[in-house]
Amino acid sequence: MLNRRTVVVSAAASSFLSPHDAARDFLNRLQRPARLLIAISGGSDSSGLLSVLLDCHRGESGGNISLFAATVDHGLRPESAQEARAVAELCRSLNVPHLVRRWEGSKPATGVSAAAREARYRLLMEMADEVGATAIVTGHTWDDQRETVAMRAARRDGDENLGLAGMAEAVLLDRRRWLLRPFLATQRADIRAALSAKGMAWIDDPSNLDTHYERIRVRQGGRQEAGVEPADIARVAERRTRLSGQAAQLLRDHLTLQHCVLAYLPAAALQGEPDVRRHALATLASFLGGRAHAPGTESMDRIVSVVDDAVPGRVTVGRVIFDRRREGIYLQRECRGLAPAHVAPGTEGLWDGRYRVVNGSDQEVVIGPTPPEREKAQALFADVPLSIAMRAMTVMPLILTRAAENVANIRFYPVVAPFDRFLSQFDLDLARQLAVFCEGHLYPPLPIKLSVRKS
């Protein structure tokens, strides 16, 4: 539904960035030349983002910035196609190139929001590839930030809840496209006021009133206001970035990683700051286990208990064996549940969440675990206890069915599981340090100088 109502800005908004101030700050920090793909649904936030960025861009004396707009039609409501056409007309009136993609196929009966988000990012990436965008830009606002922090706070208490840092200004998608959020310090009321002042309409999505969604319940219940201030978020964001950097330094100084399947930390690495050690171990668990998220609090407590005992012991958490020896600790993927992966010719696949498989051959390949052999295991993992070397060899990938002449066309690339799908600016140093151990695994540089959120 189109909405052109007048919006009055409260006096409290003066402590935040106005839409135009946020846009100018964003463009000033942007690395150039830049090609920006602006995600626009037709709602007030994204319409305001496009309008204000266009104002500031056209008001600049310099250039080297190209703006494109992109709309994802999720096809979840009958009117979505018409709304996409309305956005296309808006972009034509603003003389901004516009692309549209529709989420095709059947929709899941449950988990629609998560599936829609995955589809949205995938389609935005496709459109970014089409125009050669250096970054995707979204209209997430301070209101969204408060709601996000409130939801994360409700799920988990305590200082170790790093989710209270909120959404990052910069997030890398699939290791190759940065997504940027210029409006995280800008209130929705200010954006709507700017649109109203220009006589511009926006679309109200009725799903924003549907209390089946947690975010809407938080919004309507006012819980996003309780105990959440910009200074709180800034402090947690600073702590999260610092902790991640310290964990990266610990790995840089002490970690031995063999063939991306066997990690070793000497006893000296386990004596440092408890929070840093815990964060490093959690990251290694995600990486070696091929999991996108770190183990939960109770699981991490079990790991730390084994580490702190300083006597031989073993625990398995998140598909990873933590094998404590007197001289240190070995970490590796457990040998169970190593299901084969079938990768069609000319495509990519994923094996065990830990390896990206590129099949450049002309036939399907099947990837599975490597049968352990004593002599080969000892050669692969020198100076490692034999039992550990044998387990480590087992979790390495092997082509199970193939034509011999096609081996050269099949490639394996380690997946840095906690970061390769979504990498926030908070964890960039830690992700890059892990990537050092995985030769050829690189992350593109940030396309923007990060802002400093004052506390």
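The values are calculated or read from the model by the stated rules, or taken from the named source; none is laboratory data. From a predicted model like this one, the values you see are computed outputs, not experimental measurements. Methodologically, a virtual Cβ is constructed for each residue, glycine included, from the backbone with ideal geometry; neighbour enumeration extends over all protein chains shown.
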Flagged pairs (Cβ under 7 angstrom, 6 or more apart or on separate chains; first in the stretch 51-77, in the same structural domain as residue 133 (by TED's automatic domain parsing); second aromatic (Phe, Trp, Tyr)) are 72/103; 73/103; 74/103; 75/103
Yes or no: the stretch 396-411 includes at least one residue that is touching a His at 6+ places or on another chain (Cβ under 7 Å) and over 23 Å from residue 253 (Cβ atoms).
yes
In the stretch 295-316, the residues that are surrounded by 22 or more Cβ atoms within 10 Å (Cβ to Cβ) and either at positive phi or in contact with a Ser or Thr (Cβ under 8 Å, 6 or more places away or on another chain) (or both):
none
Top-ranked residue of the stretch 64-80 - restricted to ones that are in a strand (DSSP E or B) and of a type in the set (Gly, Ala, Ser), ranked as surrounded by the fewest Cβ atoms within 10 Å (Cβ to Cβ):
66
If a residue has to be in contact with a Ser or Thr (Cβ under 8 Å, 6 or more places away or on another chain), not in a helix (DSSP H, G or I) and not charged (D, E, K, R) to count, how many in the stretch 396-407 make the cut?
4
Tell me, please, whether a residue that is without any contact (Cβ under 8 Å) to a residue 40 or more places away in the chain, within 27 Å of the chain's Cα centre (by Cα) and closer than 18 Å to residue 393 by Cα can be found in the stretch 253-273.
yes
Just to check your reading of the model, which residue among 362, 383 is in a loop (DSSP other than H, G, I, E, B), of a type in the set (D, E, K, R) and over 18 Å from residue 263 (Cβ atoms)?
362
Which members of the stretch 60-110 meet the condition of being over 16 Å from residue 50 (Cα atoms) and touching a His at 6+ places or on another chain (Cβ under 7 Å)?
80, 103
When every residue in the stretch 81-100 that is closer than 18 Å to residue 127 by Cα and among the charged types (D, E, K, R) is compared, the one surrounded by the most Cβ atoms within 10 Å (Cβ to Cβ) is 85
Scanning the stretch 408-439 for residues that are assigned to a helix (DSSP H, G or I), farther than 19 Å from residue 242 by Cα and in contact with a strand residue (DSSP E or B) (Cβ under 7 Å, 6 or more places away or on another chain) gives 437
Out of the residues in the stretch 294-338 meeting the condition of being under 13 Å from residue 264 (Cα atoms) and of a type in the set (Lys, Arg), tell me which one is nearest to the chain's Cα centre (by Cα).
333
Spot the failing condition for residue 386; the list is (1) surrounded by fewer than 17 Cβ atoms within 10 Å (Cβ to Cβ); (2) at pLDDT below 95; (3) of a type outside the set (Val, Ile, Thr); (4) closer than 29 Å to residue 283 by Cβ, and only one is missed.
(2)
Inspect the stretch 96-104 for any residue being assigned by TED's automatic domain parsing to the domain that holds residue 47 and without any contact (Cβ under 8 Å) to a residue 24 or more places away in the chain and give the result as yes or no.
no
Go through 83, 118 for me and flag whichever is under 30 Å from residue 299 (Cα atoms) and either in contact with a Pro (Cβ under 7 Å, 6 or more places away or on another chain) or part of a helix (DSSP H, G or I) (or both).
118
